[in-house]
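Q: Quick one: this structure, given as structure tokens, is what I'll be asking you about.
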Amino acid sequence: MFRHFVPSRELHSLATLVRLSLVDLPSANSMKCCSPPARFINCINIYQSNGEQERVIYMKKMFILVMAVMLCFTLTACNEEENIDFPFELSSIENVEMFRFTNPADAEKKVITKSEDIEEIYQTFESVSLKDKTTEPTAGGSVTSFRFNLSDGTSYEVIYSEVAVKAGRVITTGMEQDFFTSADIGAFWGSYDYEVTTASEDELPALYE
């Protein structure tokens, strides 16, 4: 009466798939275990944070470097040195009149005539460094001036006004302002053994633009 039920070949295949699906397909828990561990993610975050910090430090260093370079240029510009550039040759100098005074009414004069002395004065002035530096006015400071008398009948003036011991301000013919120098130009007066004569105020140097 009863017939034995015999599954068809197709049903056998399905049964195999069912058994495989129950065993082989990954469960939700197994997929969660396969995700990146939290420690690894933290390491990535730390690495990214360190990278940001390094970039910030680098930018700060670059900013400091740029500011330092700008400061150097500023200081260099402020302390830029000048030199006396004579508009004539040594050979064209006939003599040098040297004046010294604190009070113009008591001025004295020497006339430098020896070629070796003229050359020394000429070369010394060309090597003197001048700076655009502000100094406080000095009362009672001496003035030592030099008048280069040239073979063409013209003259060139250099005036040194003392502002401190072995320091003063220099202005020459053609200069628009005076400059500071640490050279002891005033010592020239005692370095050359020539006759000292009284100089009238009319003889004292005057500068023209």
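Computed from the coordinates by the stated procedures, all read-outs in this text should not be read as laboratory data. This one's a predicted model, so the numbers in the text were calculated from it and none came from an experiment. Positions of Cβ are generated from backbone atoms using ideal geometry, with glycine treated the same way; all protein chains shown enter the neighbour counts.
Q: Among the listed pairs Lys110/Lys131; Lys109/Lys166; Lys114/Lys166, which have their C-alpha atoms separated by more than 24 angstrom in this model?
A: Too far apart for the 24 Å limit: Lys110/Lys131; Lys114/Lys166.
Q: Of Trp189, Ile118, Val143, which is farthest along the charge dipole of region 115-195 in the positive direction, counting Lys and Arg as +1 and Asp and Glu as -1 at C-beta?
A: Comparing the listed Cα positions along the dipole, Val143 ranks first.
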